[in-house]
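**Q** Before we start, here is the structure in question, set down as structure tokens.
The values are calculated or read from the model by the stated rules, or taken from the named source; none is laboratory data. These numbers were taken from a predicted model, which means no experiment stands behind them. When we count neighbours, we look across all protein chains shown, and the Cβ atoms used for this are built from the backbone with ideal geometry, even at glycine.
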Amino acid sequence: MNLLWLYTNPNSLFGVIVVGGFVGFALTGQIVTRRFLPRWFGDKDYNDMVGHFLSASGVFFGITLGLLSVGAWENFVAVDDAVMQEATTIGVLYRALDNYPEPHRSTLTDELRAYTRREIDVAWPKQKEGVIPGPIGNTMLSQLHRHLTHVEPASEGQKALHREALHLFSNMVEARRKRLASVSTQLPPIVWCVVIGGSVLNLSLMWLFVVENKRLHDLLTSILACLLGLLVFLLAVMDFPFRGEFCVGPDSFELIYSQLMAK
């Protein structure tokens with residue numbers, strides 16, 4: 001079942017859908033199970049046994065969710081830092097190309113400006129859809145690299161500048177490859193099976209309590225379902241760095257473009 005359509009919604013609606021799904025599942029299972037508990041296990045009060053199992057499973061599953069959330073957050077921050085570093089490299093390269101003699105200066109800066117604008121306007125919307133941008137960006141970089149390597153420095157200062165520009169260009173290409181590789185980065189399906197399966201098992205333990213106050217039982221189950229739903233929602237939001245409302249955007253690219261390249 002493809003649930004990627006959830007990322008097209010605002011985070012508030014995304015969260016309501018996930019948490020609401022958990023609460024609805026928990027209460028439905030509890031209401032259905034409550035009718036069959038006496039038939040399955042008798043009328044004996046075994047809440048202490050269930051409580052011990054719930055405490056133990058909650059600890060283990062809570063640690064698992066916590067570690068997964070930290071890992072997802074670290075991956076999100078790493079992608080954000082890589083994008084910022086790529087934008088910084090583009091800005092430094094643009095300043096270096098701006099010091100080339102004419103006609104190389106205009107040609108090189110115009111090509112880098114056009115590439116940056118295209119990444120903002122075309123590549124980023126595709127990345128938000130989980131699609132790696134097409135080969136046009138690579139073609140633009142190849143053309144820039146071809147013009148850059150055809151430059152023949154006339155002085156020692158220009159040679160030093162040219163070496164630095166080539167080095168910056170290589171760093172920019174490397175950073176771009178890392179960004180494109182991160183477009184499809186996500187938790188493996190087996191991890192999501194463990195997360196969803198563990199959530200279901202923890203909620204099912206709440207169904208085994210024998211209580212007289214059914215409203216309080218439903219309230220406590222709803223609270224636990226909300227907590228699990230929020231943790232799963234947090235994990236899902238950070239799973240795709242470029243998808244959804246909370247994502248790595250082109251802000252650093254926009255800043256470089258507006259400060260250095262806009263005419």
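**Q** Scan the stretch 199-240 residue by residue and report those that are closer than 18 Å to PHE60 by Cβ and free of Cβ contacts under 8 Å to residues at least 40 places away in the same chain.
**A** Residue satisfying the conditions is LEU227 alone.
**Q** While we're here: Please enumerate the residues belonging to the stretch 187-198 that are without any contact (Cβ under 8 Å) to a residue 24 or more places away in the chain and either surrounded by 17 or more Cβ atoms within 10 Å (Cβ to Cβ) or among the hydrophobic types (A, V, I, L, M, F, W, C) (or both).
**A** Those that are without any contact (Cβ under 8 Å) to a residue 24 or more places away in the chain and either surrounded by 17 or more Cβ atoms within 10 Å (Cβ to Cβ) or among the hydrophobic types (A, V, I, L, M, F, W, C) (or both): ILE190, TRP192, CYS193.
**Q** Something else now. Within the stretch 251-263, is even one residue more than 29 Å from GLU129 (Cβ to Cβ) and more than 21 Å from the chain's Cα centre (by Cα)?
**A** Yes, that holds for at least one residue.
**Q** ILE190 passes all but one of (1) part of a loop (DSSP other than H, G, I, E, B); (2) among the aliphatic types (A, V, I, L, M); (3) farther than 20 Å from ALA96 by Cβ; which number fails?
**A** Result: ILE190 passes all but (1).
**Q** Then there is this: Look through GLY157, GLY229 and report the one residue that is under 30 Å from HIS52 (Cα atoms) and of a type outside the set (Ser, Thr, Tyr).
**A** None of the others qualify; the one that does is GLY229.
**Q** Hey, another quick one. Do any residues in the stretch 1-17 that are at pLDDT 75 or above have Cβ atoms under 6 Å from those of residues that are surrounded by 14 or more Cβ atoms within 10 Å (Cβ to Cβ) and in a helix (DSSP H, G or I), where the two are at least six apart or on different chains, and which pairs are they?
**A** Partner pairs satisfying both residue conditions: PHE14/LEU6; GLY15/PHE233.
**Q** Ok, one more. When you look at PRO133, is it under 27 Å from ASP80 (Cβ atoms), touching a residue at least 12 places away in the same chain (Cβ under 8 Å) and not in a helix (DSSP H, G or I), yes or no?
**A** yes
**Q** Out of (1) of a type outside the set (Asp, Glu); (2) surrounded by 16 or more Cβ atoms within 10 Å (Cβ to Cβ); (3) more than 30 Å from PRO103 (Cβ to Cβ), what's the single condition that is false for SER184?
**A** Evaluating SER184 over (1) of a type outside the set (Asp, Glu); (2) surrounded by 16 or more Cβ atoms within 10 Å (Cβ to Cβ); (3) more than 30 Å from PRO103 (Cβ to Cβ) leaves (2) as the failure.
**Q** If you take the residues of the stretch 18-39 that are at pLDDT below 80 and within 21 Å of SER222 (Cβ to Cβ), which of them is surrounded by the most Cβ atoms within 10 Å (Cβ to Cβ)?
**A** Among them, the one singled out is LEU37.
**Q** Among the residues of the stretch 123-163, which ones are farther than 30 Å from ASP239 by Cα, among the basic types (Lys, Arg) and in contact with a Pro (Cβ under 6 Å, 6 or more places away or on another chain)?
**A** Passing the criteria: only LYS159.
**Q** Same structure again: Checking the structure you have, find out if any residue of the stretch 88-104 is basic (Lys, Arg), surrounded by 15 or more Cβ atoms within 10 Å (Cβ to Cβ) and either in contact (Cβ under 8 Å) with a residue 24 or more places away in the chain or under 29 Å from ALA181 (Cα atoms) (or both).
**A** no
**Q** Which residue, of ARG146, ARG176, ARG163, is of a type in the set (D, E, K, R), touching a Leu at 6+ places or on another chain (Cβ under 8 Å), modelled with pLDDT of 90 or more and assigned to a helix (DSSP H, G or I)?
**A** ARG176
**Q** What tally of residues in the stretch 223-259 results from selecting those that are surrounded by 18 or more Cβ atoms within 10 Å (Cβ to Cβ) and either in contact with a Cys (Cβ under 9 Å, 6 or more places away or on another chain) or in a helix (DSSP H, G or I) (or both)?
**A** Residues that pass the stated criteria total 19.
**Q** From the residues in the stretch 40-67 that are surrounded by fewer than 10 Cβ atoms within 10 Å (Cβ to Cβ) and in a helix (DSSP H, G or I), which one is modelled with the highest pLDDT?
**A** ASP48
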